[in-house]
Amino acid sequence: MRVVIADDTMLIREGTARLLEQAGIEVAGTAGDGRKLMQIVSTEQPDVAIIDIRMPPTHTDEGLVAAEQIRRSHPGTGVLILSQYLEPRYAMRLLQDHPEACGYLLKERLSDIAVLTDAIGRIADGECVLDPTIVGRLVKRPRPQGRLDQLTQREREVLALIAEGRSNHGISEVMRLSPKTVEAHVGRVFSKLGLDDTPDSHRRVLAVLAFLRS
Amino acid sequence: MAIRPLACHDSVVAASRPTVTTVWIGALALGAVGAGFGLLTLAEARSAPAGSFGGTSWVGAAAELSAGWALIVAGAVEFLRRPARRAGLLLAGAGIGWFFAEWNNPGLNSPAAFTFGLIVSVLAAPLVAQAALAYPTGRLDSRSAQGALIFAYAGAGLILGMLPAVFFAPGQQACALCPANLVLVRSEPDLVGGLSRAGLILGLGWIAALAAIGARRLRKASPLLRRMLWPVLVPAGCYLLLVGTDFAHSLPRGTLSNDSLEHRLWLAEAALLVLMALGVSWVWIRDHRTRATVVRLVMEAVQSPPPGGLRDVLAGILGDTSLELAYPVGEPPRHVRADGRPVSVGAGDGQAVTPLVREGRTVAILQHRAGLLDDPGQVREVVAATRLGMENERLQAEVLARLEDLRAAQARIVATGDAERQRLERDLHDGAQQRLVGLSIALRLARPQPDPDPASAPRLAGLIDQAGGELRLAIKELRDLAHGIYPALLADEGLAAAVEALACTSRVPLIMASLPQERLPPQVEAAGYFLVVEASELIGALAGTHGATVDAKHDADMLVIRITADAAAGPGLALTDTAAGPELPLEAALTDVADRIGAIGGRLRVEHVPAGAVTIRAEIPCGS
């Protein structure tokens, strides 16, 4: 597994690199801004690029822009946005154009190495990962009547776990349910959201998007 | 020498204005001298009718006196009305000049009178021309007019007057009965003939020049000035053309005379000069009427101000649609319109600027078509007539301008506040939060891996985990704090994105009926956003609500936001945590956001719908 890291704060950039190396992930390079990042990505062709959402020069959404660019021009490289914002909107912007091999995590996850390596691994496998805090906020928000109201409490929990990027196996572990039960729940979620006829990997992403948009 | 000094640059300085008594004495003296000179002229003409124009009949006598006296009276009255100007004196001068033509009568007895006549007899034409071209100010308004008049005076007074006189010996040159020529130097009959002929040819030149200049002046004058000029300029021009006809008629003979055609021309000239004098008096009447109209319009404007105010009234009266009326306000002074909005006034591009000064203070500034108000008397009239209305409007403009300043200051304060909020948010996110994240990573790195000293490791690891937990909490709190100060999403993606994101944190379900997807000025987006934040929080605190609908529309440069509480069926809404009625607390709780909206020229209203629901409605202008 090879990653590159882009963050304009040296302490975070180098710290993250050391943490990941300790965890056995190869850090192929680090960058302090979007331009440098694009250079490293084209020369190193890493599995995943870990990108800070705010970078010079304007400190607004350079990270997102760089991520979209990488997904377009280097389909083999997944992207993980690290953000200080708990805004589903930013995550959605990332997912809706390139709903594969990308993730949006809050920055403080950096200190939780297990979550971080898990996310990197799943992104490298082409899945999408959303920070559980954002998913939690989406689940809990007061919401007008809509499609998601057709889901039972259980099904909603399953959808939230799908949104976090977990596989059926992962969901069965978290919810302590048999894989068969989980499969049945997931199937009902998809059919209630009108996603019966799409291939499985896309269905999961579309379910997440439906969830984000609701 | 009979050439009058040109009154081209006579200034109209108030300090040298004569007193009322002096003016009356002057006018009466002018009238008396003119009348006396007229009578004397007529007596001389009648004593030798053969060589005269007006001496042969009573009709001639009437023409003689009426033309001269009419101009003298018109001049005296004009002098009375405006003693500071030369116009009256010039008119009276033209009237006196009219009589000169009678004085080169060969039948006169007095050599002095005859000599005087030889020199000045043709001067009436330039005198009339000057009076007309300098009317109504008494000053010539162009270099070409000055040049043409010098040419005319030289032609009439020198080449047709003084020079031939010097070489004219009446006894030797076919005028045995003539009185003696007192200025004779040497008898040169050929030279006299040549000068006379040259004078007539040149005369045709200066008459054409003067008539053309008069016509151009009339054409280029503003409508107001033209109405004033034509009654005087047209008869004067016709008079000059008759003089020219006389010159052309006399050219074959080589000298001016009083044959029967010339007699008839002279009678027609007299009639035209009477018309010119009547023209002057017609202007007085018009003037009076115009002033009355101005006063009436201004009084009306003061009592019930028309939409355009005094500016429109003046533009109408002066016939200049481009007219701009500006009031100087503030320190240092700047110019505003009657509605208090700033306006820049300046000369150039066919526009001129006239300050309206009263008691040494500039009350207002008129920007108008160049030449419209060249007459200082006119400006004074405008000031006099519009004084009350202008004073009124200036005060109003000043108040409005101050209000505008105040509003601008308010908007600046809000904008500064927003910029400060944004800076704070960035500092928190990019400074403190980054540092905390860095710290948490450092802690993580410091956490002992499988440790050589198994006794201390668990305790240390536990402590570090605990510190890490604290750090995560600090980061979360910091993030919430920064978001509350100024959401990054609002600056990055605008109102719609930020308001949609609110749905995640709001206490009540928010339904977005519509949101403007385009970007709006930052202060408008901020005002709209904080309104929705405050309003949804308030509605969340109302008993009996199960949601709120946000409906924001942007059109015609106005953002209209309506936040409606979706009331459950019940006895209406009330704030759960206040004992007072629902109206006051709602509005009072929205004071901050109402101020923010007011600062950028918007309005906030709370509408209580009979069914018990509440709508909070804001209109925020998106213009500059």
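The values are calculated or read from the model by the stated rules, or taken from the named source; none is laboratory data. What you see is a predicted model; the values in this text were computed from it and never measured. Positions of Cβ are generated from backbone atoms using ideal geometry, with glycine treated the same way; all protein chains shown enter the neighbour counts. Calculation scope for accessible area: heavy atoms of the full protein, side chains included, ligands and nucleic acids excluded. Shrake-Rupley method; radii C 1.70, N 1.55, O 1.52, S 1.80 Å.
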So B:Ala408, is it at pLDDT below 85 and more than 10 Å from every other protein chain (Cβ to nearest Cβ) = yes
The lone condition B:Ser66 fails out of (1) over 27 Å from B:Ala180 (Cα atoms); (2) polar (S, T, N, Q); (3) more than 36 Å from the chain's Cα centre (by Cα); (4) open to solvent by less than 10 Å² (accessible area, probe 1.4 Å) is (4)
Quick one: in region B:506-524, which of the residues that are assigned to a loop (DSSP other than H, G, I, E, B) and over 18 Å from B:Pro621 (Cα atoms) is most open to solvent (accessible area, probe 1.4 Å)?
-> B:Arg507
Residue satisfying all of: in region B:489-505; more than 7 Å from chain A (Cβ to nearest Cβ), among the small types (Gly, Ala, Ser) and assigned to a helix (DSSP H, G or I); surrounded by the fewest Cβ atoms within 10 Å (Cβ to Cβ) among these = B:Ala491
Would you say A:Leu95 is within 14 Å of chain B (Cβ to nearest Cβ) and out of contact with any Pro (no Cβ under 6 Å at 6 or more places or on another chain)?
-> no
When residues of region A:101-128 are limited to those that are modelled with pLDDT of 85 or more, part of a strand (DSSP E or B) and over 16 Å from A:Ala23 (Cβ atoms), the one nearest to the other protein chains (Cβ to nearest Cβ) = A:Leu106
For A:Pro142, which of the numbered conditions (1) part of a helix (DSSP H, G or I); (2) modelled with pLDDT under 70; (3) open to solvent by less than 40 Å² (accessible area, probe 1.4 Å) fails to hold?
-> (1)
Within region A:86-97, is even one residue part of a helix (DSSP H, G or I), open to solvent by 30 Å² or more (accessible area, probe 1.4 Å) and more than 16 Å from A:Ala210 (Cα to Cα)?
-> no
Go through the residues of region B:35-48 one by one and say whether even a single one is under 22 Å from B:Arg139 (Cα atoms), in contact with a helix residue (DSSP H, G or I) (Cβ under 6 Å, 6 or more places away or on another chain) and surrounded by 22 or more Cβ atoms within 10 Å (Cβ to Cβ).
-> no
How about region A:112-134: which of its residues are without any contact (Cβ under 8 Å) to a residue 60 or more places away in the chain and either more than 25 Å from B:Leu439 (Cβ to Cβ) or open to solvent by less than 10 Å² (accessible area, probe 1.4 Å) (or both)?
-> A:Ala119, A:Arg122, A:Asp125, A:Val129, A:Asp131, A:Ile134
Looking at region B:590-612, which of the residues that are surrounded by 12 or more Cβ atoms within 10 Å (Cβ to Cβ) and touching a Ser or Thr at 6+ places or on another chain (Cβ under 9 Å) is modelled with the highest pLDDT?
-> B:Arg605
With the condition kept exactly as written, say whether any residue in region A:8-15 is more than 17 Å from A:Ile123 (Cα to Cα) and within 19 Å of the chain's Cα centre (by Cα).
-> no
Residue check: is B:Ala535 modelled with pLDDT of 85 or more, more than 21 Å from B:Gln422 (Cβ to Cβ), in a helix (DSSP H, G or I) and open to solvent by 30 Å² or more (accessible area, probe 1.4 Å)?
-> no
B:Val302 passes all but one of (1) open to solvent by less than 80 Å² (accessible area, probe 1.4 Å); (2) modelled with pLDDT of 90 or more; which number fails?
-> (2)
Enumeration of residues in region B:506-531 that are among the β-branched types (Val, Ile, Thr) and away from every other protein chain (no Cβ under 14 Å) | B:Val524
Tell me the helices (runs of 4 or more DSSP H) entirely within region B:96-206 that contain at least 2 residues that are modelled with pLDDT of 90 or more.
-> B:111-120, B:124-133, B:143-153
Which of the residues that make up region B:207-238 are of a type outside the set (A, V, I, L, M), assigned to a helix (DSSP H, G or I), touching a Lys or Arg at 6+ places or on another chain (Cβ under 9 Å) and open to solvent by less than 20 Å² (accessible area, probe 1.4 Å)?
-> B:Pro231
Region B:460-479, residues that are among the charged types (D, E, K, R), open to solvent by 70 Å² or more (accessible area, probe 1.4 Å) and within 11 Å of another protein chain (Cβ to nearest Cβ) | B:Arg472, B:Lys476
The number of residues in region B:411-429 that are open to solvent by less than 60 Å² (accessible area, probe 1.4 Å), free of Cβ contacts under 8 Å to residues at least 60 places away in the same chain and more than 22 Å from B:Ala474 (Cβ to Cβ) is 2
When you go through (1) open to solvent by 20 Å² or more (accessible area, probe 1.4 Å); (2) closer than 18 Å to B:Ala594 by Cα; (3) without any contact (Cβ under 8 Å) to a residue 60 or more places away in the chain one by one for B:Ile563, which number turns out not to apply?
-> (1)
Some residue of region B:185-193 being farther than 12 Å from B:Gly254 by Cβ, surrounded by 15 or more Cβ atoms within 10 Å (Cβ to Cβ) and β-branched (Val, Ile, Thr) = no
Note on region B:78-95: residues outside any helix (DSSP H, G or I) and either within 22 Å of B:Gly237 (Cβ to Cβ) or modelled with pLDDT of 90 or more (or both) are B:Arg85, B:Arg86
How many residues does region A:9-26 contain that are aliphatic (A, V, I, L, M) and open to solvent by less than 30 Å² (accessible area, probe 1.4 Å)?
-> 5
Any chance A:Tyr90 is within 12 Å of another protein chain (Cβ to nearest Cβ), within 13 Å of the chain's Cα centre (by Cα) and of a type in the set (Phe, Trp, Tyr) | yes
Would it be correct to say that A:Thr58 is within 14 Å of chain B (Cβ to nearest Cβ) and either under 21 Å from the mean Cα position of the chain (by Cα) or surrounded by 15 or more Cβ atoms within 10 Å (Cβ to Cβ) (or both)?
-> no
How many residues of region A:157-177 are in a helix (DSSP H, G or I) and either under 16 Å from A:Ala91 (Cβ atoms) or open to solvent by less than 50 Å² (accessible area, probe 1.4 Å) (or both)? The answer is 11
Looking at (1) in contact (Cβ under 8 Å) with a residue 60 or more places away in the chain; (2) over 24 Å from B:Ala270 (Cα atoms); (3) in a helix (DSSP H, G or I), which is the one condition that is false for B:Glu64?
-> (2)
Does region B:509-525 contain at least one residue that is without any contact (Cβ under 8 Å) to a residue 24 or more places away in the chain and touching a Ser or Thr at 6+ places or on another chain (Cβ under 7 Å)?
-> no
